[in-house]
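For reference, the structure is listed below as structure tokens.
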Amino acid sequence: MPASYERKGPDALQKLFLYLILFDWIILIYLIVEIKRMSFQHGAITSIVVAMFNLLLVKLCFRRARRAEDGYQIYPVIIGALLSFCLIAYFFFF
């Protein structure tokens, strides 16, 4: 009979995922502050990179939350993704 294994705290992948969420929010706060001073070319490249990062983070979040019962992580990721798309729309249309 194999010995049961009890996990002591979050695994390394969970910690990395939480740091990615924090990094996303830091990027969004920086964009909120600097969006008026960006040139169009710099803003367009930044918008594309932030959109790709958020789409990847949302995909990872849904996969992780479904697999590991970590549904509480969905909310900051979805709010961050919506905020980034609002910033992108604001940059291109206003």
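The figures follow:
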read-out	value
Net lengthening on full extension, residue 40/residue 74 (0.36 nm per residue, minus Cα-Cα)	9.1 nm
Nitroxide proxy distance, nm - points 7 Å out along Cα→Cβ at residue 48 and residue 14	3.8 nm
Table column - 3J(HN,Hα) (Hz), region 75-88, Karplus curve with 6.51, -1.76, 1.60, x for Gly and Pro	5, x, 6, 5, 5, x, 5, 5, 5, 5, 5, 5, 5, 5
Dipole magnitude of the chain, debye to nearest 20 (Cβ charges: Lys/Arg +1, Asp/Glu -1, about Cα centre)	120 debye
Candidate values (1) 2, 12, 22, 19, 13, 10, 8, 5, 3, 2, 1, 1, 0, 0; (2) 3, 12, 19, 20, 15, 12, 8, 6, 3, 2, 1, 0; (3) 2, 11, 11, 12, 11, 10, 8, 7, 6, 5, 5, 4, 3, 2, 1, 0, 0, label of the one derived for P(r) over Cα pairs in 5 Å bins from 0, in percent	(1)
Among 55, 30, 84 the positive-end extreme of the charge dipole of the chain (Cβ point charges)	55
Per-peptide average of other Cβ atoms within 10 Å, ordering 42-50, 80-88, 11-19 highest first	80-88, 42-50, 11-19
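A short reminder: the numbers here are calculations on the coordinates, not readings from a lab. Please read all numbers here as calculations on a predicted model, not as lab measurements. For neighbour counting, all protein chains shown are included, and Cβ atoms are generated from backbone atoms with ideal geometry for every residue, glycine included.
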